[in-house]
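*Asks:* Below: one structure in structure tokens.
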Amino acid sequence: MGGYSASFIFGFIWSVIKSSDFWAMTIRMTTPLLFAALGSCIAAKSGIFNMSIDGLINSTAFISVICDGFVRKWVIGGRKKADVGEEVYNAIRNRANTAGWIAGIVGAMVFGILLELLFAYFVIDLKANASLTGIGANLLITGLAPFLSLVITGNRANTNTWYDLGYVPVVNIPVIKDIPILSTLLSGHYILTYICVACVFIVNALLFKTAMGLRIRAVGENPNAAESVGIDVRKVQYQASLLCGLFGSMGGTFMSLCYVGFWVRNISAGRGFIGLAASTLGQANPIATTIYAYVFGWFDALGINMRALSLFPSQFLSMLPYFATLVGLILYSISLQNKIKKAKAMQ
Amino acid sequence: MAQEVLLMDKITKVYANGFVANQDVTLSVNKGEIHALVGENGAGKTTLMKVLFGIEQPEGGRIVIDGKEVQIHNPLEAIQYGVGMVHQHFMQVPSLTVAENMVLGMEPKSKSKIFLDKAEMIRMTEEVSKKYNLIVDPTLKIEDCSVVAKQKVEILKALIRGAKILILDEPTAVLTPQETDELFVELKNLVADGEHTIVFISHKLHEVKALCDRLTVLRLGKSVGKANVADVTEADISRMMVGRDVILEIDKEPAQPKETVLKVEHLTIHNDFGKTMLNDVNFSVRKGEILGVAGVEGNGQMELAEAISGLRTFNHGDIKINNTSIKGKTVRQIRELGFSHINEDRMTYGVADKASVKNNIMADRYYKKEYLTRHGLLDHKKIDAEVDELIKKFLVKTETRDEQVKMLSGGNIQKVVVAREFSSDPDIILADQPTRGIDVGATEFIRNQLVALRDEGKAVLLISADLNEVLEVSDSIIVLNNNEIAAYIEDASKLEEYELGEYMLGVKQMTAEEVAKVVHD
Amino acid sequence: MTNKQIERRFEAIRLVASVAIAVVLCFIIILFISDNPLKALRYLVVGPFTSLNRFGQIIEKVQPLLLTGCAMNLMILAGNFSMIPEGCFLLAPCLTVPVVIINEKIFGGLANLGEFGRIIWVTCSIICGGIIGAIIGSIPSLIKRKWGCDEVITSIMLNAMIVQFDDWMVKRVLYDEASGLSASKPYPEYAKVTRLIYGTRVSTAIFVGLVFCFVTYLIVYHTKLGFEARLVGLNPSFAKYSGISVAKTGLLIAGLAGAFAGIGGVIHTLGYNERFNWVAETGFGNDGIFVGILAKNNPLLLPISAFALGYLRVGAETMGNNTDVPLELIQVMTSLIIMMLAADQLFSGAKHRAIVNNAKRLEAAKEEK
């Protein structure tokens, strides 16, 4: 194979896999997938197959950058370094940066919730086909984001030149940051990555420990049963859609403000769908879904790391996460079929 | 003197399509009794209970609970008045635990007001479970529960919400005899405190005898009698239930059966939950006869129809049409053996409601040579001509052949189905509830068509929950009870309806030799 | 008035109203963001007809849209929302066209045959593209049939992989340094689809597209397969009961749609491009959804809906180039229309009221008699 021996290739892959940087990258690459997957989990539990999740990532990525940029500009308010002195200026800048990324998250959440409520309205009230509506919503965003980008920033393809790169703080965990391997692995990630991990437990608690979660699960599984004890099925599904937008939107924020630094067209590159697939594989259980999301993120990171070895064309490495998702979906369906077969054989 | 806890006085319910489900029905239930509500399928029992539970609004009549006249608009209000319903199809969420299902919609919260209080949930469940001596494991998931446990949960769900009047809709349909006995002990316990009252809906008369204090009989949407259970025999009840008013009389000559077309041999079918729905069933249908299948619904009629039409695989035995086994054959191959089929579920299987009348009529034959041009394309001219002819022949009231089927009335939709199924020159027609829920005119038309087809020498297998229909149209009748053939009546015209009722309701049973006569040659 | 008339009227109203709502929304957006909204509107509406070049651009867009529209129309009619036509559109030319570039020695002889050589080559590539498209197109349905995975996600994953594959082919395999861009060697003259109008890229591909619209119409309304597909799309349970194999029909339709999209890709690049240079989604497959759903029940309307989209796109480009309103506005508009057309219950309240009122009126009329 192109002058490389098989043992060399495996040796290389091994050297990649055993480096803690690679695992840290896996954690980073999984963050947006996981947000999308968690959002899908909640929607799926309420009985809505949320095809619009990829559009959610694409749009909220853009909205985050815009909110971030405007808020930073507003906080700095035209003050220049020369006028106020370096120290004061830096203090203001820091404040502006912090206000910026928080505004980015909040703005994205608001937009994400609106988008999901719109989707929910079509699917729940207008009885539209969820797949077709989802496709429509995703296409809507592929038009809307560049449109707004051009109107606001003057560039339709990205926001690279519009304003400074996103600033989301990196968190160094006190004790862990001094331990050799753990520091690369667990410390020094963007704050959103930690929020994401926290969200896994929040969503899990929400679904399994609260009354709302109980109702969401009941509505998704047997709406008639929920209705017979006086639960408003429609209301619960809207609540679930709202939560889906809330959690999913942070995936978009991570993509633009953390991963890329700015917004580019089709920034999600299908990550929303991969997240949706993860939640399907995890049967909408947040913990299981998280594991699958990490598997897909692992392939994403592997593909990127393997580029260093110019043996495989980069394009084929880019296919890895999609391929893994496809194979995962097929394996899942096979196991599901076997389960049904077994259940039948039991009779 | 017993105190009247519930009075439903002169309840009338007319559905939007004009069907009168209840007409001046009166039901009076005393406190602390188990009151049976009996009647055959379609007699209006379920509608009456839906009215009581607030799912349907009556057009007339009043409901009095504990001496106060009440208006019940939805299930929540019904629950507030102390009415609880135990649905035949359990209203439970399989992946949730028993305790979670119990408290759904009234969940206890922890002190922080955020989280569910699981301990409290379990405590509430255990408390109510102990109080009424219906023992369930609150931590078990519903999907892991036995049917009996699910039923207990369903009853407890009503009790935990403070129900004093419990409606049990055919609760024993899913139980074995031993489980049924156990349930009866529990129900008797429940009313022993004098606080609770049970309305027990059932077809099974020996159960009514074993359990209930008084009974009310519904027939064709009217209350036709009430009695103390102790004063009547099962045969008496059966006579009250199935006494009929002949609405439609069909003129027909005696049948002249010829060779066998459909042969069902040792057919055994288990449903998806492993329950045996048909057990070693044997019968045959001959050319020139209409064999009626009577029986309380849920005794395997649906499975029988699905198996013959190829929509369901069967476990043991064989089905032969014109001496060819249909095992492993596709729906189309079975149809090509000379089979046609009116499905009981008209809107799901009978038609594609958004497709045109024309396409619905052509659905089973569009691929045949006579409807194709030389080039293998659909010959619309010929198709249109045939469709127009069928529309005329079967009196389908439609403006054009291109009208969407969903725009037609129920009777006309069924005529579209019949136009397709009767015109494919079949040897055997399976008519499954052919006139359910349609107007009298269409009903008469379809029944006469069935008889006409018989006279042409076709074989007809008629499955119907409508006793009038079975008795009027059939030449011979088999009765399904307990998932087996309980009786074979060779000459249906000699059968009295009360006798049929006794076979259907399990009061009487023929011997194996008598039943075996249904297999000809 | 009969219920059928009401039904039909509301079907038409739903279509017109969906389009109208989207258009009005776009106008409002233009009013808000533009310094000179009238100018923007003029470019959007009249722009496409102001020069032959621009009109040619409409037709250039219609060419591929006709075929992807056919593909999506078939898919939607059969109730299958797989997005794979986009992938077929990308992959079929990527595997077909290079043959002629790589093996010029073998195919070079075609050049000597003049027009005849062109016809042979183009016909062969259409057939190859069709076969490749059919294979790719049926993969999601095969997976669905065999294992039961949802077609939408599998098709999107496949599309993402196909984009990478095209990128690799163009940049690594077919790459021609002389082009100065990421592109293959130029197509030899005999391999191109004949251009029709000088100065535009309008080619005979448009006729191929129109022929396929008619073919689609024939399939849908005059063949057994089309009949089956329509019934399966409307009510799969009923189709099964009538003796139609639901899985087989779904598979055949997906294969056919894939073939159409593949053919569309092949003739589009041969008529439009000088070299093969597709390294990203073209969007024509997804635009096919709009074209297909707009012409929902009648494939003969596909040319009109494709022209409508082509016109909107060129109008948007003209507007985008000459004013401060971005052309992506049209994407927003068409997506909204897709969503609204997917919504069965849109205006159902009004329809229901009309039917009820009508029934009351008829009752009253009866009583008067």
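*Asks:* So B:Gly317 fits all but one of (1) more than 11 Å from every other protein chain (Cβ to nearest Cβ); (2) assigned to a loop (DSSP other than H, G, I, E, B); (3) without any contact (Cβ under 8 Å) to a residue 60 or more places away in the chain; what number is the exception?
*Replies:* (2)
*Asks:* Looking at C:Leu52, is it modelled with pLDDT under 85, closer than 27 Å to C:Val152 by Cβ and away from every other protein chain (no Cβ under 14 Å)? Write out each step before concluding.
*Replies:* Numbers: modelled with pLDDT under 85: yes; closer than 27 Å to C:Val152 by Cβ: no; away from every other protein chain (no Cβ under 14 Å): yes.
Judged against the criteria, C:Leu52 is not a match.
*Asks:* Shifting gears a bit: Please enumerate the residues belonging to segment B:434-446 that are closer than 19 Å to B:Glu289 by Cα and surrounded by fewer than 23 Cβ atoms within 10 Å (Cβ to Cβ).
*Replies:* Correct list: B:Glu444, B:Phe445.
*Asks:* Next up: Go over the candidates B:Lys369, B:Lys287, B:Lys327 one by one and state the one that is surrounded by fewer than 17 Cβ atoms within 10 Å (Cβ to Cβ) and more than 14 Å from chain C (Cβ to nearest Cβ).
*Replies:* On the way: B:Lys369 fails: more than 14 Å from chain C (Cβ to nearest Cβ); B:Lys287 fails: surrounded by fewer than 17 Cβ atoms within 10 Å (Cβ to Cβ).
Going through B:Lys369, B:Lys287, B:Lys327 in turn, just one is surrounded by fewer than 17 Cβ atoms within 10 Å (Cβ to Cβ) and more than 14 Å from chain C (Cβ to nearest Cβ): B:Lys327.
*Asks:* What about A:Gly107, is it in contact with a Leu (Cβ under 9 Å, 6 or more places away or on another chain) and either surrounded by fewer than 17 Cβ atoms within 10 Å (Cβ to Cβ) or over 23 Å from A:Gly297 (Cα atoms) (or both)?
*Replies:* Values: in contact with a Leu (Cβ under 9 Å, 6 or more places away or on another chain): no; either surrounded by fewer than 17 Cβ atoms within 10 Å (Cβ to Cβ) or over 23 Å from A:Gly297 (Cα atoms) (or both): yes.
Considered against the rule, which asks whether it is in contact with a Leu (Cβ under 9 Å, 6 or more places away or on another chain) and either surrounded by fewer than 17 Cβ atoms within 10 Å (Cβ to Cβ) or over 23 Å from A:Gly297 (Cα atoms) (or both), A:Gly107 comes out as no.
*Asks:* C:Lys185 - would you say it is free of Cβ contacts under 8 Å to residues at least 24 places away in the same chain, away from chain A (no Cβ under 11 Å) and either charged (D, E, K, R) or buried (at least 23 other Cβ atoms within 10 Å of the Cβ) (or both)?
*Replies:* Values: free of Cβ contacts under 8 Å to residues at least 24 places away in the same chain: no; away from chain A (no Cβ under 11 Å): yes; either charged (D, E, K, R) or buried (at least 23 other Cβ atoms within 10 Å of the Cβ) (or both): yes.
Spelling it out, it is not the case that C:Lys185 is free of Cβ contacts under 8 Å to residues at least 24 places away in the same chain, away from chain A (no Cβ under 11 Å) and either charged (D, E, K, R) or buried (at least 23 other Cβ atoms within 10 Å of the Cβ) (or both).
Residues are listed down the side, and each one gets a yes or a no for (1) within 21 Å of C:Ser245 (Cβ to Cβ); (2) within 9 Å of chain A (Cβ to nearest Cβ); (3) surrounded by fewer than 17 Cβ atoms within 10 Å (Cβ to Cβ):
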position: C:Ile135; (1), (2), (3): yes, no, no
position: C:Pro140; (1), (2), (3): yes, no, no
position: C:Lys146; (1), (2), (3): yes, yes, yes
position: C:Cys149; (1), (2), (3): yes, yes, no
position: C:Val152; (1), (2), (3): no, yes, no
position: C:Leu158; (1), (2), (3): no, yes, no
position: C:Leu174; (1), (2), (3): no, no, no
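*Asks:* Just a yes or no: is a residue in segment C:228-240 more than 12 Å from every other protein chain (Cβ to nearest Cβ), of a type in the set (Lys, Arg) and over 25 Å from the mean Cα position of the chain (by Cα)? If you could, list the steps in order and put the result at the bottom.
*Replies:* First, pick out the residues of segment C:228-240 that are more than 12 Å from every other protein chain (Cβ to nearest Cβ): none.
Looking for residues that are more than 12 Å from every other protein chain (Cβ to nearest Cβ), of a type in the set (Lys, Arg) and over 25 Å from the mean Cα position of the chain (by Cα), one finds none in segment C:228-240, hence no.
*Asks:* So how many residues does segment B:331-350 have that are in a loop (DSSP other than H, G, I, E, B) and at pLDDT below 90? Working first, answer last.
*Replies:* Keep residues of segment B:331-350 that are in a loop (DSSP other than H, G, I, E, B), which gives B:337-338, B:343-345.
Those left that are additionally at pLDDT below 90: B:344-345.
Counting residues in segment B:331-350 that are in a loop (DSSP other than H, G, I, E, B) and at pLDDT below 90 gives 2.
*Asks:* For segment B:392-401, check the following and say yes or no: at least one residue is within 24 Å of C:Gly233 (Cβ to Cβ) and part of a helix (DSSP H, G or I).
*Replies:* Looking through segment B:392-401, none of the residues is within 24 Å of C:Gly233 (Cβ to Cβ) and part of a helix (DSSP H, G or I).
*Asks:* Still on this structure: Assuming A:Asn50 fulfils every condition listed in (1) within 14 Å of chain C (Cβ to nearest Cβ); (2) surrounded by fewer than 24 Cβ atoms within 10 Å (Cβ to Cβ); (3) part of a loop (DSSP other than H, G, I, E, B) apart from one, which condition is it?
*Replies:* In the conditions (1) within 14 Å of chain C (Cβ to nearest Cβ); (2) surrounded by fewer than 24 Cβ atoms within 10 Å (Cβ to Cβ); (3) part of a loop (DSSP other than H, G, I, E, B), A:Asn50 misses (2) alone.
*Asks:* Which condition number does B:Val261 fail, the rest of (1) in contact with a strand residue (DSSP E or B) (Cβ under 7 Å, 6 or more places away or on another chain); (2) at positive phi; (3) in the same structural domain as B:Ser474 (by TED's automatic domain parsing); (4) not acidic (Asp, Glu) being met?
*Replies:* That leaves (2) as the condition not met.
*Asks:* Can B:Val98 be described as within 12 Å of another protein chain (Cβ to nearest Cβ) and without any contact (Cβ under 8 Å) to a residue 60 or more places away in the chain? Please lay out each step first, then the result.
*Replies:* Values: within 12 Å of another protein chain (Cβ to nearest Cβ): no; without any contact (Cβ under 8 Å) to a residue 60 or more places away in the chain: yes.
Taking the combined requirement at face value, the residue does not satisfy it.
*Asks:* Can you name every one of the helices (runs of 4 or more DSSP H) wholly within segment A:218-336 that holds 2 or more residues which are away from every other protein chain (no Cβ under 14 Å) and modelled with pLDDT of 90 or more? First the steps, then the outcome.
*Replies:* Working: elements: A:223-228, A:233-253, A:271-281, A:286-306.
The qualifying helices (runs of 4 or more DSSP H) are A:233-253, A:286-306.
*Asks:* While we're here: Could you list all residues from segment A:158-183 that are surrounded by fewer than 18 Cβ atoms within 10 Å (Cβ to Cβ) and in contact with a helix residue (DSSP H, G or I) (Cβ under 7 Å, 6 or more places away or on another chain)? Even if it seems obvious, please write down each step before you answer.
*Replies:* If we filter segment A:158-183 for residues that are surrounded by fewer than 18 Cβ atoms within 10 Å (Cβ to Cβ), which is where we start, we get A:160-165, A:169-183.
If the condition is that a residue be surrounded by fewer than 18 Cβ atoms within 10 Å (Cβ to Cβ) and in contact with a helix residue (DSSP H, G or I) (Cβ under 7 Å, 6 or more places away or on another chain), then A:Trp162, A:Tyr163, A:Pro169, A:Val171, A:Ile173, A:Ile176, A:Lys177, A:Ile181, A:Leu182, A:Ser183 are the ones that fit.
*Asks:* Of all residues in segment A:132-166, how many are outside any loop (DSSP other than H, G, I, E, B) and more than 7 Å from chain C (Cβ to nearest Cβ)?
*Replies:* Of all residues in segment A:132-166, those outside any loop (DSSP other than H, G, I, E, B) come to A:132-153, A:158.
In the following step, the residues that additionally are more than 7 Å from chain C (Cβ to nearest Cβ) were identified as A:134, A:138, A:141, A:145, A:148-149, A:152-153, A:158.
The qualifying residues number 9.
Yes/no per residue for (1) modelled with pLDDT of 85 or more; (2) crowded, with 23+ Cβ neighbours inside 10 Å; (3) facing chain A (nearest Cβ under 8 Å):
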{"residue": "C:Ile330", "(1), (2), (3)": "yes, yes, yes"}
{"residue": "C:Asp344", "(1), (2), (3)": "no, no, yes"}
{"residue": "C:Phe347", "(1), (2), (3)": "no, no, no"}
{"residue": "C:Lys351", "(1), (2), (3)": "no, no, no"}
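*Asks:* While we're here: Tell me, please, whether a residue that is assigned to a loop (DSSP other than H, G, I, E, B), over 22 Å from B:Val208 (Cα atoms) and within 14 Å of another protein chain (Cβ to nearest Cβ) can be found in segment B:19-38. Walk me through how you get there before you give the answer.
*Replies:* Residues of segment B:19-38 that are assigned to a loop (DSSP other than H, G, I, E, B), as a first pass: B:19, B:31-33.
Within this subset, residues satisfying the condition of being over 22 Å from B:Val208 (Cα atoms) are B:19.
Narrowing further to those that are within 14 Å of another protein chain (Cβ to nearest Cβ): none.
No, because not a single residue in segment B:19-38 is assigned to a loop (DSSP other than H, G, I, E, B), over 22 Å from B:Val208 (Cα atoms) and within 14 Å of another protein chain (Cβ to nearest Cβ).
*Asks:* Hey, another quick one. Residues in segment B:343-359 that are under 26 Å from the mean Cα position of the chain (by Cα) and more than 8 Å from chain C (Cβ to nearest Cβ): how many? Break it down into steps so the answer makes sense when it comes.
*Replies:* Here is the first cut: in segment B:343-359, the ones under 26 Å from the mean Cα position of the chain (by Cα) are B:343-353.
In the following step, the residues that additionally are more than 8 Å from chain C (Cβ to nearest Cβ) were identified as B:344-347.
Residues meeting the conditions: 4.
*Asks:* If the requirement is being surrounded by fewer than 18 Cβ atoms within 10 Å (Cβ to Cβ) and of a type outside the set (Ser, Thr, Tyr), which of these qualifies: A:Ile17, A:Ile42?
*Replies:* Details: A:Ile42 fails: surrounded by fewer than 18 Cβ atoms within 10 Å (Cβ to Cβ).
The match here is A:Ile17.
*Asks:* Let me ask something else. Could you run through segment C:241-273 and say how many residues are part of a helix (DSSP H, G or I), within 14 Å of chain B (Cβ to nearest Cβ) and buried (at least 23 other Cβ atoms within 10 Å of the Cβ)? Let's see the steps before the verdict.
*Replies:* Taking segment C:241-273 as the starting set, the residues that turn out to be part of a helix (DSSP H, G or I) are C:241-242, C:246-272.
The next check asks that each one be within 14 Å of chain B (Cβ to nearest Cβ); those that pass are C:241-242, C:246-249, C:252.
Imposing the further condition that a residue be buried (at least 23 other Cβ atoms within 10 Å of the Cβ) reduces the set to C:241-242, C:249.
Matching residues across segment C:241-273 total 3.
*Asks:* Ok, one more. I need every pair where a residue in segment A:144-167 that is on the phi > 0 side of the Ramachandran plot and at pLDDT below 80 has its Cβ under 8 Å from the Cβ of a residue that is part of a loop (DSSP other than H, G, I, E, B) and among the polar types (S, T, N, Q), sequence separation at least 6 or different chains.
*Replies:* Partner pairs satisfying both residue conditions: none exist.
*Asks:* Among (1) over 19 Å from B:Leu304 (Cα atoms); (2) within 19 Å of the chain's Cα centre (by Cα); (3) of a type outside the set (Gly, Ala, Ser), which single condition is B:Val479 missing?
*Replies:* Among (1) over 19 Å from B:Leu304 (Cα atoms); (2) within 19 Å of the chain's Cα centre (by Cα); (3) of a type outside the set (Gly, Ala, Ser), the lone unmet condition for B:Val479 is (1).
*Asks:* Okay, next question. For B:Ala442, are the conditions met, namely being aliphatic (A, V, I, L, M), in contact (Cβ under 8 Å) with a residue 24 or more places away in the chain, closer than 26 Å to B:Thr398 by Cβ and not in a loop (DSSP other than H, G, I, E, B)?
*Replies:* Values: aliphatic (A, V, I, L, M): yes; in contact (Cβ under 8 Å) with a residue 24 or more places away in the chain: yes; closer than 26 Å to B:Thr398 by Cβ: yes; not in a loop (DSSP other than H, G, I, E, B): yes.
Considered against the rule, which asks whether it is aliphatic (A, V, I, L, M), in contact (Cβ under 8 Å) with a residue 24 or more places away in the chain, closer than 26 Å to B:Thr398 by Cβ and not in a loop (DSSP other than H, G, I, E, B), B:Ala442 comes out as yes.
*Asks:* Let me ask something else. Mind checking which helices (runs of 4 or more DSSP H) fall wholly inside segment B:51-149 and carry at least 3 residues that are surrounded by fewer than 20 Cβ atoms within 10 Å (Cβ to Cβ)? First the steps, then the outcome.
*Replies:* On the way: elements: B:75-80, B:98-103, B:118-131.
Passing ranges, in order: B:75-80, B:118-131.
*Asks:* Do you know which residues across segment B:97-115 are modelled with pLDDT of 90 or more and in contact with a strand residue (DSSP E or B) (Cβ under 7 Å, 6 or more places away or on another chain)?
*Replies:* B:Thr97
*Asks:* Separate question: Taking the condition closer than 26 Å to A:Leu207 by Cα and either in contact (Cβ under 8 Å) with a residue 24 or more places away in the chain or touching a Cys at 6+ places or on another chain (Cβ under 8 Å) (or both), does A:Arg28 pass?
*Replies:* Values: closer than 26 Å to A:Leu207 by Cα: yes; either in contact (Cβ under 8 Å) with a residue 24 or more places away in the chain or touching a Cys at 6+ places or on another chain (Cβ under 8 Å) (or both): yes.
Answer is yes for this residue.
*Asks:* While we're here: Determine, yes or no, whether C:Leu41 is more than 28 Å from C:Pro299 (Cα to Cα) and surrounded by 20 or more Cβ atoms within 10 Å (Cβ to Cβ). It would help to see each step written out before you state the result.
*Replies:* Numbers: more than 28 Å from C:Pro299 (Cα to Cα): yes; surrounded by 20 or more Cβ atoms within 10 Å (Cβ to Cβ): yes.
Answer is yes for this residue.
The values are calculated or read from the model by the stated rules, or taken from the named source; none is laboratory data. Predicted, not measured: the structure shown is a model, and the values here were computed from it. As a convention, Cβ positions derive from the backbone with ideal geometry for all residues, glycine included, and neighbour counts pool all protein chains shown.
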